[in-house]
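Notes for the one structure printed next.
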Amino acid sequence: YPASWPTPVREKDRDVLYATWVLGQDYRNKTQLYGAYPPDYVNRIHALFPDRQSTLHAFSGVMPASEEYWRLDLVNRTGDTEAQGFKEGNVYDAVALFGQQAFDLIVADPPYSDEDSKKYDTPTFKRIEAMAALAGTIQVGGHLVWLDTMWPIHSKEQWLTVGRICIIRSTNHRVRLASIFERV
């Protein structure tokens with residue numbers, strides 16, 4: 001994705017990756033679930049971390065089953081009868097479900113607002129508590145990519161912001177931010 005290459009920018013005497021991705025509208029989306037990942041978003045995130053060994057998709061929605069990653073959500077919305085690579089549960093219970101320091105990449109796409117939570121028929125959540133829970137199940141030096149309409153509140157003792165990617169889908173869509181954190 002040459003037009004999407006991030007650029008290092010100096011923030012407080014350290015490099016932070018900046019990028020803007022215009023993903024476009026794709027009316028051939030494989031799902032009609034409100035708020036599903038934008039087209040090609042996951043492929044681009046995986047391309048940023050080619051050496052990843054173990055990936056968790058938190059708030060996984062309708063991510064298809066795969067041997068390449070685990071999924072975590074309150075409800076298995078994919079209809080997979082075997083639920084391969086899926087744990088049903090709350091993100092706050094990530095350590096209990098997966099154990100400590102299990103992943104080197106976590107990709108999270110939570111509901112962005114109380115209104116969005118209602119559309120998904122899920123309870124609202126607290127970002128700072130979710131970030132803390134995910135910190136318990138990622139390796140030191142591992143990365144969390146958090147897609148949201150805001151930069152989520154987090155503990156600087158757990159997470160260092162190492163990237164910011166503006167996600168533009170197309171006209172009349174929300175502009176989102178993929179915040180990239182490194183576990184310290």
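The values are calculated or read from the model by the stated rules, or taken from the named source; none is laboratory data. Quick caveat, the model's predicted, so the values are computed rather than measured. When we count neighbours, we look across all protein chains shown, and the Cβ atoms used for this are built from the backbone with ideal geometry, even at glycine. Heads up: the accessible areas ignore ligands, DNA and RNA and are worked out on the full protein's heavy atoms, side chains in. Shrake-Rupley method; radii C 1.70, N 1.55, O 1.52, S 1.80 Å.
Distance between the modelled labels on ASP13 and GLN25, one decimal in nanometres: 4.8 nm (7 Å Cα→Cβ projection).
Using helices alone, I'd like the mean residue ellipticity at 222 nm for the chain: each DSSP H run of four-plus residues gives -39500 (n - 2.57), total over residue count, nearest 500. My calculation for the chain gives -4000 deg cm²/dmol from helical runs alone. Remark: spin-label model distance SER66-TRP151 equals 2.9 nm, labels positioned 7 Å along the Cα→Cβ axis. Relative contact order for the chain: 22 percent, from Cα pairs under 8 Å spaced at least 6 residues apart, divided by residue count. Extending 7 Å from the Cα toward the beta-carbon at both GLN158 and THR171 defines two label points whose distance is 4.1 nm. Backbone amide hydrogens, once placed in the peptide plane, bring PHE86 within less than 5 Å of ARG71, excluding anything fewer than 5 places away on its chain.
Taking all protein chains into account, the per residue accessible area for the chain stands at 54 Å² (1.4 Å probe).
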